[in-house]
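Let me begin by presenting the structure, written as C-alpha cells, before commenting on it.
The values are calculated or read from the model by the stated rules, or taken from the named source; none is laboratory data. Fair warning: this is a prediction, and the values are worked out from it, not measured in the lab. Virtual Cβ from ideal backbone geometry, glycine too; neighbours counted across all protein chains shown.
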There are 2 protein chains.
Amino acid sequence: MSDIDISGWVCPMPLRDYPQIVLGHGGGGKLSGDLVEHLFLPAFQNDALASLADGAALTIGGARLAFSTDSYVVRPLFFPGGSIADLAINGTVNDLSMLGARPLFLSVGLIIEEGLPMSTLGALVERMGAAARAAGVQVVTGDTKVVDKGHGDGVYINTSGIGLIPEGVHIAPQNAHPGDVVLVSGTLGDHGMAIMSVREGLEFETLIQSDSAPLNGLVAAMLAVTPEIHVLRDPTRGGLASSLNEIARAAGVGVLLEDRRLPVRSEVSAACELLGMDPVYVANEGKLIAIVPPEHADAMLDAMRQHPYGKDAARIGQVVADHPGMVVSKTGIGGTRVVSMQIGEQLPRIC
Amino acid sequence: MSDIDISGWVCPMPLRDYPQIVLGHGGGGKLSGDLVEHLFLPAFQNDALASLADGAALTIGGARLAFSTDSYVVRPLFFPGGSIADLAINGTVNDLSMLGARPLFLSVGLIIEEGLPMSTLGALVERMGAAARAAGVQVVTGDTKVVDKGHGDGVYINTSGIGLIPEGVHIAPQNAHPGDVVLVSGTLGDHGMAIMSVREGLEFETLIQSDSAPLNGLVAAMLAVTPEIHVLRDPTRGGLASSLNEIARAAGVGVLLEDRRLPVRSEVSAACELLGMDPVYVANEGKLIAIVPPEHADAMLDAMRQHPYGKDAARIGQVVADHPGMVVSKTGIGGTRVVSMQIGEQLPRIC
C-alpha cells in the first residue's frame, strides 16, 4: 500500500531504549535532547539548527533575522494568569527575544478538535489578538485544520515568528564564558505550579498565577545597557535546571549557583514541597536567564529591576571553568549539589 | 477558576449558525473562509493578513520576504506517492512559491502521540530531511510536543517557512485582470483520490498516486519567462474550484473555464464518478494555477511543459469582467455551469 519502507530505518542509540514515544520525549529534558541529537540533527543537518538555540539566526537579503517555532498543547486551555492563547503568542515572542531579536511577525496554525464550542475558539482568538498587540507584533499568516472529535484536546496552537536582530548583537548558548554572571529576571516555577494546581484540583492558600508574559520589552531595556549580553534563555519546559545544563554543555563551561539566591515565591515553594517537586525544574513562561560579563552585571540587574517583568531580578550564580557541562549549586547548609538535567518531565503538557 | 470570561465573546454572523466547530471549518471552503473573515481578520487586523494569499509578503530590514505556515493532519500518515512528511515540506515550499518567493528556511513543529513507534517517527523525520534537500531548503528550527495516547493520530506536523521575493515580482490574488489567461500545471485531483482510495480501501485498476511535489523549481522557470505573473495559487484543500473562487472574489473579476480543457487522469476521473465527486473540488499537492497576461500565455505554457512538474500544463480558461466573484465553466455539451465554492469539504483530513 505504501511506497515507504519504515522497516529500513535504523534506530540510533540511545533512542533504541525507547521503541515507542513516551510523554517525556516532549518534556524538554534529556529524552527531548536525545531526539534532537540523534534524529533531527542528522536528518536536517545545517549550522543554524546545530546552534541549538531557542530559534535560528539567519541572514537573508542583507538582514539578520531570528526565526522560531513552538507548538502549544497545554491542558487545561485556560488557567490562572493566562491561557493557551497567551502562551502561544508570548512563547514565540520570547524565543525570538532570546536571540536578542526584535519580534515583528507571527504565524498562527490551529489544530481544532471537532465539537469545540465556537465561543471558546472566539475567546482564544481574541485573546491571541490582544496578546499580539500587547507584545507589539503582528499575526500576518495562519492556517486552520480540524480533526475528528476525540483526536485532540480542544485546540493545539503552533506559532512561528520572525524578528530582526540588531547590529552588534550576538547572543548564543555557546558564548557563556568563565567569570560571567548568571542573572534571572524573576521568581521561578510560577507557570508550572499554576497549571499543576488547577489540573490536580489542589487548593493552596494563595492562588498561584502563571507568569506568562512577553519579554521583548525587557530584552530591549537590557540591550540598551550593553549589546554585549552573552546568553539569553527563557527557562520553559524543564525549568532553570534544563536551560542551564544545555548552556553549560553547549559552551563547555560549568555553572555554579547559590540556592539561597534563587527567587521563589513562598506559595510556589510550599506547593513544590507538598508535591515533592523542585522549583528549578518547573516551567516558567515569563522569565529569562541572562549570562553577562561581570563588568556589566550590576548595571544590567538595575535595568532589569526597573522593568515590570524584571522587578524581582536576581544574581543567582556564575559561569566557571570547573566541571564543564555541569550545573552545581551551593546549598543553604554549606554543601553542594549537582543540578542535573531531568530525564523526562515532572509535569506533562505544561505548555 | 479561570480569569477569562468566555461568555463575554459575541459570536459574529454567520459563525452563529455553527455553535460548535465542525470538520468543514478546516476544509478550505466557505466555512473556513467564514472563520477567517469573521474571526481571524478582526482579531489580528493588519494588511499582510488581509491579502488572503497563501502566505504574507513582508518587508524586513530592506528584504522582501514571504512567510507562510501550514499544519498537516492527514490520515493515513503514509499513502501512495507520499507521506505526511512530504506534504509538510512540499506544502510550505509551495505556499512560499505562490508569492513568487525563493523558499529558503523552514521550521518543523511536531505534535506526537504517546506510543508512536520510534521507527515511524524516524522514517518520517528522514523523509522530511530528504524532501527538504530535494526542494533545496533548510530546516533550521523546530519543536516537539508529545500528547497523551488517544489524543492525536500518530503525528501532526506544522511547518512554517521564509522565502525571498525577487525584485519586480508582485504576485497576489487581487492582481487577476480581465483578459488574463488561466493556466494549470497538470492533472487535477490526484492527491485527494490517492488518499480516498487507501482510506476507503477502494481498489482501482490503476494505483492512484499523490502528486505531492515541491513547485519552487517550476515557479523559478516561469519567472524566467517574465516576472509579470499576476496570480499563482496551489489548489490544495477545496481544489481548483475553491482557489479560483477565492481569486475571483479577491480581484472582483469573473473566471470562465472550459470543462473539456481541464486535465484529469482517466483513473481519477473514473474514481470520482464512482464516488460522486467532482475533480475540480479535489485536493492537489503538486499543482499550481497561474494567471498571466495574454501576451505571455503561450511562452509561459511552453516553459511549464518543459519542467518535470509542469509537463501536463494546460490553458483552462480566462479572467473576464462578467459575473465578478463567480467561476463559470462551459460544459462539454455547450451549456455553462456555475462552479461554486464548496461549503465544507468533500473529504476531511486530506492534508
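Results, tabulated for the structure shown:
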quantity	calculated
Lone qualifier among A:LEU121, A:LEU164, A:LEU87, A:LEU99 - being surrounded by fewer than 23 Cβ atoms within 10 Å (Cβ to Cβ), touching a strand residue (DSSP E or B) at 6+ places or on another chain (Cβ under 8 Å) and at pLDDT 95 or above	A:LEU164
Test for A:GLY150: is it more than 20 Å from the chain's Cα centre (by Cα), surrounded by fewer than 24 Cβ atoms within 10 Å (Cβ to Cβ) and free of Cβ contacts under 8 Å to residues at least 40 places away in the same chain	yes
Any chance B:ASP86 is outside the structural domain of B:GLU267 (by TED's automatic domain parsing) and more than 30 Å from B:ILE247 (Cβ to Cβ)	no
Condition check for A:ASP70: modelled with pLDDT of 95 or more and under 29 Å from B:GLU114 (Cβ atoms)	yes
Lone unmet requirement of (1) surrounded by fewer than 17 Cβ atoms within 10 Å (Cβ to Cβ); (2) part of a strand (DSSP E or B); (3) not acidic (Asp, Glu) for B:PRO42	(2)
Whichever residue in the range B:48-72 is at the interface with chain A (Cβ under 9 Å from one of its Cβ atoms) and under 14 Å from the mean Cα position of the chain (by Cα) and, among such residues, is nearest to A:ARG64 (Cα to Cα)	B:SER68
Criterion: modelled with pLDDT of 90 or more and either in a helix (DSSP H, G or I) or outside the structural domain of B:ARG249 (by TED's automatic domain parsing) (or both) - qualifying residue of B:LEU35, B:LEU49	B:LEU35
Check on B:VAL22, in contact (Cβ under 8 Å) with a residue 24 or more places away in the chain, under 29 Å from A:LEU41 (Cβ atoms) and among the β-branched types (Val, Ile, Thr)	no
Subset of the range A:47-88 (residues that are touching a residue at least 24 places away in the same chain (Cβ under 8 Å) and among the hydroxyl-bearing types (Ser, Thr, Tyr))	A:SER51, A:SER68, A:THR69, A:SER71, A:TYR72, A:SER83
Entirely in the range A:206-325, the strands (runs of 3 or more DSSP E) that have 2 or more residues that are of a type in the set (Val, Ile, Thr)	A:289-292, A:314-320
Test: residue in the range A:159-174 that is of a type in the set (Ser, Thr, Tyr) and assigned by TED's automatic domain parsing to the domain that holds A:ALA313	no
Enumerated strands (runs of 3 or more DSSP E) restricted to the range A:76-164, each holding at least 1 residues that are among the charged types (D, E, K, R), at the interface with another protein chain (Cβ under 7 Å from one of its Cβ atoms) and under 24 Å from A:PRO348 (Cβ atoms)	A:138-147
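Residue by residue, here is whether (1) closer than 18 Å to B:VAL181 by Cα; (2) free of Cβ contacts under 8 Å to residues at least 24 places away in the same chain; (3) out of contact with any strand residue (DSSP E or B) (no Cβ under 9 Å at 6 or more places or on another chain) holds:
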position: B:LYS287; (1), (2), (3): yes, no, no
position: B:ALA290; (1), (2), (3): yes, no, no
position: B:PRO294; (1), (2), (3): yes, no, no
position: B:MET300; (1), (2), (3): yes, no, no
position: B:HIS307; (1), (2), (3): no, no, yes
position: B:VAL328; (1), (2), (3): yes, no, no
position: B:THR336; (1), (2), (3): no, yes, no
position: B:SER340; (1), (2), (3): no, no, no
